[in-house]
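Peer 1: Pasting a structure here, questions to come.
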Amino acid sequence: MRTFTSLLPLLAFLWASMAAAHGPVRQKVSEEIVIQAPAEKVWNLVKDPCGMKQWHPEVVDCSAEGNKKGALIKFTLKNGGWIHATLKKIDDKKMTFAYKFNTDDVSTTKTIVHANQEIKVPLIPVANFSASITVKQEGDNQSKVIWKAAFYRAYMNNNPPEEMNEEAGIKAVTGFLRSGLENLKKVAE
C-alpha cells in the first residue's frame, strides 16, 4: 500500500503532462448565405466543381476528371497557388456535393524554421480537409447555400508554429468560404 501511495504524485504529474500536451483537434467551420434566386438556378452554378471559377473570386482556373465520386479536381488560385481535391459525393436530388484534400494536395506559401526543422507552410494551413456545399430552397424565389468544412491544423505535432495552428486554419478556411459565398450571391442574383 505504501508503494502505491508513493506513486500517486508521479501518476498525477504524468496525467497532467499528457493533458497539457495534446495534438490537433478537429475543427469545423460552417458558412451560409441567402440568395434571392431559385435553388435550381444556384445549384446549376454550384454543382460543377469547376464552375467555382465562375463564382469564387480566388479561383481562376480549374480542371476535373469528370463529375463523379473519386474525380480529381485541380483548382488554380488567383495568387498562383493550387489545390488538388477529390470529389467525395455529388447528389443532384439533394443539391449537395462534397470534396476533400490533404496538406500535400495544396501548394505552399513559404518555408519556415520551427523546432529546428524547415517546414513548408501550405496555402491553406490545414490537414485532412473535407467540405460540402448544399443548396436549399427557401421560399418561392430564395435559396440558402451552406458550405461546411472540417479539418485539422496543418502542423500535426504539439506546439504548432503560428502559421500552422488552429487559428490560422480557421481564419484561412472561413475567409475562403465566406468570400466564395458572397461572390456567388452577386453572380446568382
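Peer 1: Would you pick out the residues in the range 54-73 that are buried (at least 18 other Cβ atoms within 10 Å of the Cβ) and either among the β-branched types (Val, Ile, Thr) or in a helix (DSSP H, G or I) (or both)?
Peer 2: Result: TRP55, VAL59, ILE73.
Peer 1: From the residues in the range 123-165 that are in a loop (DSSP other than H, G, I, E, B) and aliphatic (A, V, I, L, M), which one is farthest from GLU40 (Cα to Cα)?
Peer 2: MET156
Peer 1: Any idea how many residues of the range 140-159 are more than 14 Å from THR103 (Cα to Cα) and at pLDDT 95 or above?
Peer 2: The number of residues fulfilling the criteria is 8.
Peer 1: Here is a follow-up. If ALA168 satisfies all but one of (1) aliphatic (A, V, I, L, M); (2) part of a helix (DSSP H, G or I); (3) crowded, with 17+ Cβ neighbours inside 10 Å; (4) touching a residue at least 60 places away in the same chain (Cβ under 8 Å), what's the number of the condition it fails?
Peer 2: Only one criterion in (1) aliphatic (A, V, I, L, M); (2) part of a helix (DSSP H, G or I); (3) crowded, with 17+ Cβ neighbours inside 10 Å; (4) touching a residue at least 60 places away in the same chain (Cβ under 8 Å) is unmet by ALA168, namely (4).
Peer 1: Considering only the range 84-91, I want to know if a residue exists there that is at pLDDT 95 or above, under 20 Å from GLY175 (Cα atoms) and not in a loop (DSSP other than H, G, I, E, B).
Peer 2: yes
Peer 1: Let me ask something else about it. Counting only residues that are crowded, with 16+ Cβ neighbours inside 10 Å and not in a helix (DSSP H, G or I), how many does the range 173-189 have?
Peer 2: 0
Peer 1: While we're looking at this one, here's another question. Conditions first: (1) touching a helix residue (DSSP H, G or I) at 6+ places or on another chain (Cβ under 6 Å); (2) of a type in the set (A, V, I, L, M, F, W, C); (3) at positive phi. ALA154 passes all but one, so which condition is the exception?
Peer 2: Looking at each condition in turn, ALA154 falls short on (3).
Peer 1: Would you confirm, using the coordinates I've provided, whether LYS120 is assigned to a loop (DSSP other than H, G, I, E, B) and either in contact with a strand residue (DSSP E or B) (Cβ under 6 Å, 6 or more places away or on another chain) or at pLDDT 95 or above (or both)?
Peer 2: Answer is no for this residue.
The values are calculated or read from the model by the stated rules, or taken from the named source; none is laboratory data. Worth saying up front: this structure is predicted, and the values here are computed from it rather than measured. Positions of Cβ are backbone-derived with ideal geometry, glycine not excepted, and every protein chain shown enters the neighbour counts.
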